[in-house]
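Here is the structure we will look at.
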Ligand SMILES: [Zn+2]
């Protein structure tokens with residue numbers, strides 16, 4: 001359907017208001033409008049509202065199919081991905097995940113093991129239509145010396161197909177070893193990475209956060225936190241991060257993931273936290289599939305009673321940047337997943353009620369994570385921008401989100417890509433023993 005020449009016009013594409021900032025036209029109640037898209041030289045040369053363009057007779061008629069920009073996945077763990085067959089989570093709990101992953105990392109995460117699983121994940125993401133991925137890298141000694149060089153090589157290998165970013169990942173107690181943490185921050189800076197930690201309510205949390213912000217400022221790094229991935233109402237590290245950012249006068253980008261406990265806290269506590277998060281210009285990413293899987297799992301004899309996700313609607317209402325992302329794939333933190341951001345958006349719509357109206361929620365898988373990751377021009381469709389988009393079968397939200405859309409067409413720099421998913425059997429030899 002998409003000419004291999006890379007030069008063509010698509011007529012009757014259904015575009016969404018939230019992802020086509022340059023297109024002034026009237027949109028329907030679902031935020032859609034029909035438009036014609038001209039593509040040449042790997043770029044979108046023009047987008048014109050239907051009726052206002054002179055589509056040539058040989059234009060490809062999309063008959064109202066939805067066209068979205070390629071996805072941006074701002075929170076993943078492709079260093080952990082796909083270890084499930086050799087290291088399952090014994091009981092599906094968070095502690096089960098933490099212990100199983102730690103044991104597997106110590107025993108098995110050689111450079112080759114990490115590289116092959118990362119590449120597998122990136123091939124899946126690419127085939128599904130994602131063009132940028134941020135991964136966290138477990139950076140507990142000595143893993144940081146193994147995984148960061150692998151990441152740098154993988155970023156080179158994938159350059160032009162997936163923009164790969166990495167953030168270090170360690171429990172905040174690791175920051176107490178100041179000399180080691182300074183070395184890690186230097187290593188992250190050398191790799192043009194992002195400084196990341198997991199925050200818990202340890203007694204010296206404020207002091208440790210000051211250390212983290214201090215290193216980020218010194219080395220010019222953006223920050224990425226895992227915060228409050230628990231139902232414990234006493235977990236308020238999101239608020240502590242916002243306070244530390246204001247206190248330190250931090251000017252970089254900060255992304256905070258999870259923030260599950262916020263949904264369990266009393267309203268006054270929530271309002272105070274959201275005020276500070278907005279003031280400190282934090283961005284928040286929810287990981288709905290992983291949260292649904294891990295949160296409120298007590299034992300095998302109870303039914304979960306809450307969804308695990310944070311207060312995304314209340315955040316958006318305050319102007320806080322909000323995203324949704326994949327998180328883990330086929331590892332002890334989440335037994336499923338394939339880095340398919342359409343699946344993430346479909347699940348997020350159901351779990352988080354991102355519908356009726358849809359509003360500008362589609363930005364949460366494209367334009368907003370692109371901003372947070374400083375990927376100028378990604379996550380939107382604009383004249384003069386890269387011709388990186390996905391053509392779906394669905395013509396409405398209910399059509400788009402009811403089927404897996406396995407036959408979607410992914411276009412990169414104007415040309416349809418091969419969408420072959422990697423075969424699980426490729427990883428079999430890494431799973432034995
Ligand atoms: Zn995570």
Looking at residue 354, is it touching a helix residue (DSSP H, G or I) at 6+ places or on another chain (Cβ under 8 Å), surrounded by 15 or more Cβ atoms within 10 Å (Cβ to Cβ) and part of a helix (DSSP H, G or I)?
no
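Out of curiosity, is residue 83 closer than 25 Å to residue 124 by Cβ and touching a residue at least 24 places away in the same chain (Cβ under 8 Å)?
Working: closer than 25 Å to residue 124 by Cβ: yes; touching a residue at least 24 places away in the same chain (Cβ under 8 Å): yes.
Judged against the criteria, residue 83 is a match.
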Can you find a residue that is away from the ligand (no atom under 15 Å from the Cβ) and farther than 20 Å from residue 78 by Cα anywhere in the stretch 329-346?
yes
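Of everything in the stretch 312-328 that's more than 14 Å from the ligand (Cβ to nearest atom) and part of a strand (DSSP E or B), which residue is nearest to residue 262 (Cα to Cα)?
322
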Segments classed as helices (runs of 4 or more DSSP H), wholly inside the stretch 225-311, with at least 1 members that are under 24 Å from the mean Cα position of the chain (by Cα) and within 16 Å of the ligand (Cβ to nearest atom):
237-248, 288-294
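So is residue 53 at pLDDT below 95, under 14 Å from residue 13 (Cβ atoms) and away from the ligand (no atom under 16 Å from the Cβ) or not?
Details: at pLDDT below 95: yes; under 14 Å from residue 13 (Cβ atoms): yes; away from the ligand (no atom under 16 Å from the Cβ): yes.
Spelling it out, residue 53 is indeed at pLDDT below 95, under 14 Å from residue 13 (Cβ atoms) and away from the ligand (no atom under 16 Å from the Cβ).
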Sole residue being surrounded by fewer than 24 Cβ atoms within 10 Å (Cβ to Cβ) and within 16 Å of the ligand (Cβ to nearest atom), chosen from 100, 107
100
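The values are calculated or read from the model by the stated rules, or taken from the named source; none is laboratory data. What you see is a predicted model; the values in this text were computed from it and never measured. Note that we place each Cβ from the backbone using ideal geometry, even for glycine, and neighbour counts take in every protein chain shown.
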